[in-house]
Amino acid sequence: MSLLDILPLEDRDTVQNAIRNKPELGGGPDHLWQHVKADGTLIDVLTYWRSTAFRDRPAQLIAIMDVTEKQQAESRIAYMAQHDALTGLPNRILFHERLDEALACLRRNNEKLAILYLDLDQFKNVNDTLGHPAGDLLLMAAADRLRVCLRESDIAARFGGDEFAVLQRGLSGPEEASALADRIVKLMCEPYEIEGQRIVIGASAGIALAPDDGESADLLLKNADMALYRAKEDGRRTFRFFEVGMDARMRARRVLELDLRNALAASEFELYYQPLVNLETGVISGFEALLRWVHPERGLVVPAEFIPLAEEIGLIVPLGEWVLRQACTEALKWPGDLMVAVNLSPVQFKNGDLTEIVFAALSSAGLPAARLELEVTESILLEESKINLATLHKLRALGASISMDDFGTGYSGLSYLRAFSFDKIKIDRSFIAELGESDDCMAIVRAIARLGSSLGIRTTAEGVETEQQREMLRDEGCTEMQGYLLSRPMPACDIARFLTLHNDGEQEGLPERPELAECPRDPVAAA
């Protein structure tokens, strides 16, 4: 055999020319070659050679090192450095490289592209309930579905956790990005079968277009992330395009988050209390504790603005504990056996120590557990239902009563009434608002009141504002009511006066909206 016989056909001319033209120079391993083995397979080699004489004839002395395994190992390392180990998708580093390349082409060729930033809705719940192995299998299945949605020119990457990104090149218009996002969201929302369990999650996506929304990788990803946040705010399982105003909203949110983190330490929170009245007797049965944030610059910040944010950043746990302690302390000052109702967030159930926190609040205040009512929504039974049900039973064992808030607005309230014997169900204000105007609302209220009566569960109507509503609720057998007809929420220092006026039948003497400045700041709240 000649030297050329062990070279691949495509390399033979190059090697032959090198030997013939400059044989005296010899050579080192500055180029990776391939050689053909006897069985026809190729191996990677580094080749060293120099000119010499053999039997008085010019020759080349050649040493060859097989580096096939070394090359394969290096290729694996290079692949691992640029790809996600779990899903096999490109990682953030490779995605950035491809995005930079695409942006360079975009400038030269006047092209358009889209960045889709995605994450999986409710993925954390799967991890928490079924464990990380099941979560990993779910991520792999989600990545496979993502691949199915893409064109050959598109690139998908996993950025970590349940976050994914897609680079869509060669767009003719935003409708193509919209169509891709719609395909992805719909496919991700279909049920998964993981280890014999049927799992339903969802996906949300944010879209940024280049060059309209930015011409740098960092700016496009930032804008797509802001659009993703908007999609989550709008209910998840959807997608949103980036809009210029989102940046200002995101900056405002960051400022609000910083202020919120400082608010608890700065004693900026107050509890207001809204009375509940027995519809049959007209006697005040208790008060619901409602959290208010008195910001030094913004003034009174409504709960709808800061409670979702507090839940998202985990501040709701220490904040909820403060509310429990403060409400129990205040309730101890009230006469008789008046109840205090405190709302619990689903996030508080996830910490695992909610029962201990409630017990500590009752013990610290010296309040009998029978005077504490804990309000929950259906969502705590929709997620991690077995764990949360066990927690509800523990709270009931302490002696506290449990009520279901916003009844009728969720998914399957009737099945939850079977799963746990609630002491009270609260009829959502959306049904009360249209009493006397909507036959449907009247029918729903009647059905809930009769259901409660049949099961021995008290019913409370929220948001009662007119005498007509009160009379209709009483006629239908509703147990309790709360709302502006009776009183707006009031600070703790107004409760004694309210009770006196109510008992004397002089409610009109109470101001419609007591201001914080009208009563001294509570020393416990200020501590």
Inset, instruction - Go through the range 473-486 residue by residue and tally those that are under 15 Å from Ala433 (Cα atoms) and open to solvent by 40 Å² or more (accessible area, probe 1.4 Å). - result: 2
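Do you know which residues across the range 156-179 are surrounded by 14 or more Cβ atoms within 10 Å (Cβ to Cβ), more than 15 Å from Lys112 (Cα to Cα) and more than 19 Å from the chain's Cα centre (by Cα)?
Ala156, Ala157
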Legend entry - strands (runs of 3 or more DSSP E) within the range 107-202 that include 1 or more residues without any contact (Cβ under 8 Å) to a residue 60 or more places away in the chain and over 30 Å from Ser385 (Cα atoms): 163-168
Inset, instruction - Looking for whichever is open to solvent by less than 90 Å² (accessible area, probe 1.4 Å), aliphatic (A, V, I, L, M) and under 30 Å from Ala134 (Cβ atoms) here; the options are Leu86, Leu113, Leu99, Leu103. Which one fits? - result: Leu86
Legend entry - the range 265-280, residues that are more than 30 Å from Arg474 (Cα to Cα) and open to solvent by 50 Å² or more (accessible area, probe 1.4 Å): Ala265, Ala266
Inset, instruction - Please give the number of the condition Pro520 fails out of (1) closer than 30 Å to Ala266 by Cα; (2) at pLDDT 90 or above; (3) open to solvent by 30 Å² or more (accessible area, probe 1.4 Å); (4) in a loop (DSSP other than H, G, I, E, B). - result: (2)
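Tell me, yes or no, whether the range 139-148 has at least one residue that is open to solvent by less than 40 Å² (accessible area, probe 1.4 Å), at pLDDT 90 or above and either at positive phi or basic (Lys, Arg) (or both). Lay out the reasoning, then the answer.
Initially, the range 139-148 is screened for residues open to solvent by less than 40 Å² (accessible area, probe 1.4 Å), giving 139, 141-143, 146.
Retained after the next criterion (residues that are at pLDDT 90 or above): 139, 141-143, 146.
Add one more test, that the residue is either at positive phi or basic (Lys, Arg) (or both), and what stays is none.
No, the conditions are met nowhere in the range 139-148.
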Inset, instruction - Scan the range 431-442 and give yes if some residue there is over 35 Å from the mean Cα position of the chain (by Cα) and part of a helix (DSSP H, G or I), otherwise no. - result: yes
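Could you check, for the range 401-417, whether at least one of its residues is of a type in the set (D, E, K, R) and more than 27 Å from Gly463 (Cβ to Cβ)?
no
Here is a yes/no grid of residues against (1) open to solvent by 50 Å² or more (accessible area, probe 1.4 Å); (2) at pLDDT 80 or above; (3) part of a loop (DSSP other than H, G, I, E, B):
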position: Leu221; (1), (2), (3): no, yes, no
position: Ala224; (1), (2), (3): no, yes, no
position: Ala227; (1), (2), (3): no, yes, no
position: Ala231; (1), (2), (3): no, yes, no
position: Arg237; (1), (2), (3): yes, yes, yes
position: Asp247; (1), (2), (3): no, no, no
position: Met250; (1), (2), (3): no, no, no
position: Val255; (1), (2), (3): yes, yes, no
position: Asp259; (1), (2), (3): no, yes, no
Inset, instruction - Search the range 261-284 for residues that are free of Cβ contacts under 8 Å to residues at least 40 places away in the same chain and pair each with any residue that is surrounded by fewer than 19 Cβ atoms within 10 Å (Cβ to Cβ) and β-branched (Val, Ile, Thr) when their beta-carbon atoms are under 6 Å apart and the residues are at least 6 apart or on different chains. - result: Glu268/Val294
Inset, instruction - Tally the residues that are basic (Lys, Arg) and part of a strand (DSSP E or B), restricting the search to the range 40-68. - result: 2
Legend entry - Scan of the range 487-517 for residues that are modelled with pLDDT of 90 or more, out of contact with any Cys (no Cβ under 6 Å at 6 or more places or on another chain) and open to solvent by less than 40 Å² (accessible area, probe 1.4 Å), ordered by number: Ser487, Pro489, Met490, Ala492, Asp494, Ile495, Phe498, Leu499
Legend entry - Residue that is farthest from Leu94 (Cα to Cα), among those in the range 224-240 that are without any contact (Cβ under 8 Å) to a residue 40 or more places away in the chain and over 13 Å from the mean Cα position of the chain (by Cα): Arg240
Legend entry - Criterion violated by Pro489 - all others in (1) more than 34 Å from the chain's Cα centre (by Cα); (2) touching a residue at least 60 places away in the same chain (Cβ under 8 Å) satisfied: (1)
Legend entry - Top-ranked residue of the range 58-83 - restricted to ones that are among the hydroxyl-bearing types (Ser, Thr, Tyr) and open to solvent by 50 Å² or more (accessible area, probe 1.4 Å), ranked as farthest from the chain's Cα centre (by Cα): Ser75
Inset, instruction - Starting from residues that are open to solvent by 30 Å² or more (accessible area, probe 1.4 Å) and of a type outside the set (Gly, Ala, Ser), keep the ones in the range 190-208 and report whichever is nearest to Leu146 (Cα to Cα). - result: Glu190
Legend entry - Check on Glu243, more than 23 Å from the chain's Cα centre (by Cα) and touching a residue at least 12 places away in the same chain (Cβ under 8 Å): no
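The values are calculated or read from the model by the stated rules, or taken from the named source; none is laboratory data. Keep in mind that this is a model prediction, so the values were computed, not measured. Every residue, glycine among them, receives a Cβ derived from its backbone with ideal geometry; neighbour counts consider all protein chains shown. We work out accessible area using only protein heavy atoms, side chains counted, and drop any ligands, DNA or RNA first. Shrake-Rupley method; radii C 1.70, N 1.55, O 1.52, S 1.80 Å.
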